[in-house]
Amino acid sequence: MSQVIRAPDQFGEKLRDAIDRGLNEAGIEARVETEHVRTTRLYRALVTSPQFEHMSHSERQDVVWSILRRSLADDEQFRVSTVLALTPAELGEE
């Protein structure tokens with residue numbers, strides 16, 4: 001029987017690594033998860049950090065998108081559909 005071999009999720013990994021590295025450089029410890037949006041070339045990211053607690057939602061977005069603008073080519077940035085930057089409490093994890 002033949003098998004379906006999936007290509008590695010290279011862009012998802014690149015997106016996750018870019019956000020993680022940029023946040024680490026900014027002194028922010030976070031959990032970064034990425035997900036491919038089915039039937040598209042788009043990806044979304046969930047970034048969770050207790051250090052976001054004292055930041056507004058727009059400040060969190062500015063931090064992450066600043067990292068993406070520095071780390072990804074323009075055409076790659078268009079592949080990011082959504083970035084959610086939340087605290088663990090906002091996800092109900094605390």
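If R0 equals 22 Å, the separation of the Cβ atoms of residue 62 and residue 39 corresponds to a calculated FRET efficiency of about 0.15.
Measure nothing fancy, just the Cα-based angle from helix 10-25's long axis to the longest principal axis of the chain, in degrees from 0 to 90, nearest 10. With both axes taken from Cα atoms, the answer is about 20 degrees.
Cβ-Cβ distance of residue 54 and residue 17, R₀ of 41 Å, FRET efficiency by 1/(1 + (r/R0)^6): the value works out to about 0.95. Less than 5 angstrom separates the built amide H of residue 37 from those of 42, 43, 44, all sequence-distant by 5 or more or on a different chain. Normalising the average separation of contacting C-alpha pairs (under 8 angstrom, six or more residues apart) by the number of residues puts the relative contact order of the chain at 29 percent. In the chain, the longest principal axis of the Cα atoms and the axis of helix 57-71 are about 50 degrees apart. Here the extension length gained between residue 31 and residue 78 equals 14.7 nm, from 0.36 nm per residue of separation less the Cα-Cα distance.
Laboratory data are not the source of any read-out in this text; all were calculated from the coordinates shown. Predicted model, so just to flag it, every value in this text is computed and none were measured. Cβ coordinates were reconstructed from backbone atoms using ideal geometry, including for glycine residues, and neighbour counts include every protein chain displayed.
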